[in-house]
Amino acid sequence: MPELSVIVPLHNERPVLPQFLAELTPVLQGLDLPYEVLLVDDGSSDGTADAADALAHDDPHLCVIRLTRNFGKEAAMAAGLSAAAGRAAILMDGDLQHPVSVVPQLVAAWRDGAEVVNAVKEARGREGVAYRLSAWAFNRLMGAALRHDFDRESDFKLLDRSVIDVIASLPERTRFFRGLVAWVGFRTAQVPFAVAPRAGGHTSWSPLGLVTYSVRNLVSFTSLPLRLVAATGFVVTGLGMLLGAQTLWTWARGLAVDGFSTTILSVLIMGGFQLLALGVVSLYLSAIYEEVKQRPLFVVRKPEPPDSEDRSGPVA
Ligand code: UDP
Ligand code: MG
């Protein structure tokens with residue numbers, strides 16, 4: 001039985017995978033404990049899964065989990081966690097941005113009694129202005145909602161078995177791993193690391209993808225936007241009543257009330273706010289809709305039996 005499971009979500013990482021494993025394997029061997037590496041192929045289209053299978057053929061520590069399509073990194077991590085057999089699991093990216101040299105420090109902190117070991121970014125590495133700005137805004141909002149500092153956090157973590165079991169038992173479908181780990185609590189330690197540049201391949205994130213991801217996580221974790229809408233509604237109603245009283249007063253004194261543009265402006269502002277409020281409510285409605293469906297987080301392709309017909313080959 002492995003003591004340590006290393007979970008690596010992979011989406012189109014074929015160019016980096018051999019180098020990643022070549023760097024990771026000696027580090028894990030140096031730990032002197034039974035381990036497994038779970039390579040979770042998240043519906044790659046560049047043959048990552050086949051490359052992983054070929055590597056696993058020569059190394060019994062490697063295990064390949066194939067998802068049936070691209071479910072996203074969160075789902076890939078959840079698939080890895082549900083398959084992990086170790087007494088602890090490390091989650092790390094497969095593009096060498098999470099340096100393998102940090103792994104022994106995570107394990108040392110776990111051996112010292114920590115149940116969650118967060119690798120925190122000491123340096124953020126190279127990021128575009130838009131990426132940095134949206135990450136900052138997201139971390140602020142999320143941090144306020146959960147009363148937790150997400151600024152330097154990453155998905156690079158070690159979790160003890162007790163934590164893995166609690167996270168696996170949480171019922172929600174929409175998962176924000178970093179948030180869930182912060183939410184469950186447990187004895188937590190930190191290990192600093194510097195984000196390395198990508199060893200090859202491309203990031204799977206588009207700017208729009210990042211925005212969608214942030215909105216989805218915010219909505220799944222906090223009702224703060226809903227409450228903000230309610231609060232704004234109260235304030236606007238209050239202002240409207242004041243304005244109404246003032247208008248009546250002016251009318252009572254016999255002064256003509258004019259201001260066609262004021263009317264248009266208030267209609268526009270109110271209309272805009274109502275649409276915004278409706279939009280926020282719809283976001284929650286769609287989040288509830290996703291949860292109610294109770295679909296699994298991911299679908300794993302069953303390994304084909306070794307003597308199965310090779311359907312990809314030519315038919316004799
Ligand atoms: N990843 C994944 N599924 C996805 C997108 C990414 O499993 O849909 C994996 C990817 O292969 C990598 C990790 O998640 O191992 C981090 O992804 P990426 O490097 O694209 O994100 P970034 O480091 O730019 O935030
Ligand atoms: Mg990366």
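The values are calculated or read from the model by the stated rules, or taken from the named source; none is laboratory data. Every value quoted in this text rests on a predicted model; they were computed, and no experiment measured them. In this analysis, Cβ positions are derived from the backbone assuming ideal geometry, glycine residues included, and neighbour counts consider all displayed protein chains.
Output the residues belonging to the range 228-274 that are under 30 Å from Leu218 (Cα atoms), at pLDDT 85 or above and among the aromatic types (Phe, Trp, Tyr).
Across the range 228-274, there are no qualifying residues.
When the residues of the range 208-230 are filtered to those that are within 15 Å of Gly128 (Cβ to Cβ) and within 12 Å of ligand 1 (Cβ to nearest atom), which remaining residue is surrounded by the most Cβ atoms within 10 Å (Cβ to Cβ)?
Filtering the range 208-230 for residues that are within 15 Å of Gly128 (Cβ to Cβ) and within 12 Å of ligand 1 (Cβ to nearest atom), the one surrounded by the most Cβ atoms within 10 Å (Cβ to Cβ) comes out as Leu210.
Given the conditions (1) out of contact with any Pro (no Cβ under 6 Å at 6 or more places or on another chain); (2) within 16 Å of ligand 2 (Cβ to nearest atom); (3) not in a loop (DSSP other than H, G, I, E, B), which single one is not true for Ala76?
Status for Ala76: all satisfied but (1).
Could you list, in sequence order, all residues of the range 137-150 that are in a loop (DSSP other than H, G, I, E, B) and closer than 21 Å to Thr212 by Cβ?
Phe150, the sole residue that qualifies.
Look through Asp151, Asp155, Asp160 and report the one residue that is among the charged types (D, E, K, R), modelled with pLDDT of 90 or more and away from ligand 2 (no atom under 16 Å from the Cβ).
Asp160
Checking Asp165 against (1) more than 16 Å from ligand 1 (Cβ to nearest atom); (2) charged (D, E, K, R); (3) part of a loop (DSSP other than H, G, I, E, B): exactly one of these is not met. Which one?
Of everything listed in (1) more than 16 Å from ligand 1 (Cβ to nearest atom); (2) charged (D, E, K, R); (3) part of a loop (DSSP other than H, G, I, E, B), Asp165 misses just condition (3).
Among (1) away from ligand 1 (no atom under 12 Å from the Cβ); (2) β-branched (Val, Ile, Thr); (3) surrounded by fewer than 19 Cβ atoms within 10 Å (Cβ to Cβ), where does Thr203 come up short?
It is condition (1) that Thr203 fails.
Can you tell me which residue is surrounded by the fewest Cβ atoms within 10 Å (Cβ to Cβ) among those in the range 151-200 that are closer than 18 Å to Gly72 by Cα, out of contact with any strand residue (DSSP E or B) (no Cβ under 9 Å at 6 or more places or on another chain) and in contact (Cβ under 8 Å) with a residue 24 or more places away in the chain?
Ala168
So Ser101 clears everything in (1) in a helix (DSSP H, G or I); (2) closer than 23 Å to Leu28 by Cβ; (3) of a type outside the set (Val, Ile, Thr); (4) within 14 Å of ligand 1 (Cβ to nearest atom) except one condition, right? Which one?
Checking Ser101 against (1) in a helix (DSSP H, G or I); (2) closer than 23 Å to Leu28 by Cβ; (3) of a type outside the set (Val, Ile, Thr); (4) within 14 Å of ligand 1 (Cβ to nearest atom), the one that fails is (4).
I need every pair where a residue in the range 1-28 that is farther than 15 Å from Arg198 by Cβ and charged (D, E, K, R) has its Cβ under 9 Å from the Cβ of a residue that is surrounded by 24 or more Cβ atoms within 10 Å (Cβ to Cβ) and at pLDDT 95 or above, sequence separation at least 6 or different chains.
Listed pairs, sorted by first residue: Glu3/Ala88.
How many residues, within the range 104-136, are more than 16 Å from ligand 1 (Cβ to nearest atom), in a helix (DSSP H, G or I) and either in contact with a Phe, Trp or Tyr (Cβ under 9 Å, 6 or more places away or on another chain) or touching a residue at least 12 places away in the same chain (Cβ under 8 Å) (or both)?
Summing the residues that are more than 16 Å from ligand 1 (Cβ to nearest atom), in a helix (DSSP H, G or I) and either in contact with a Phe, Trp or Tyr (Cβ under 9 Å, 6 or more places away or on another chain) or touching a residue at least 12 places away in the same chain (Cβ under 8 Å) (or both) in the range 104-136 gives 6.
Return the residues of the range 116-131 that are away from ligand 2 (no atom under 16 Å from the Cβ) and crowded, with 20+ Cβ neighbours inside 10 Å; say none if nothing qualifies.
Passing the criteria: Val116, Val117, Asn118.
Just to verify a result, which residue in the range 81-98, among those that are crowded, with 22+ Cβ neighbours inside 10 Å and near ligand 1 (Cβ under 10 Å from one of its atoms), is nearest to Arg152 (Cα to Cα)?
Residue satisfying both the conditions and the ranking: His98.
Is there a residue in the range 188-208 that is part of a helix (DSSP H, G or I) and either within 16 Å of ligand 2 (Cβ to nearest atom) or within 26 Å of Asn12 (Cα to Cα) (or both)?
Yes, the range 188-208 contains a residue that is part of a helix (DSSP H, G or I) and either within 16 Å of ligand 2 (Cβ to nearest atom) or within 26 Å of Asn12 (Cα to Cα) (or both).
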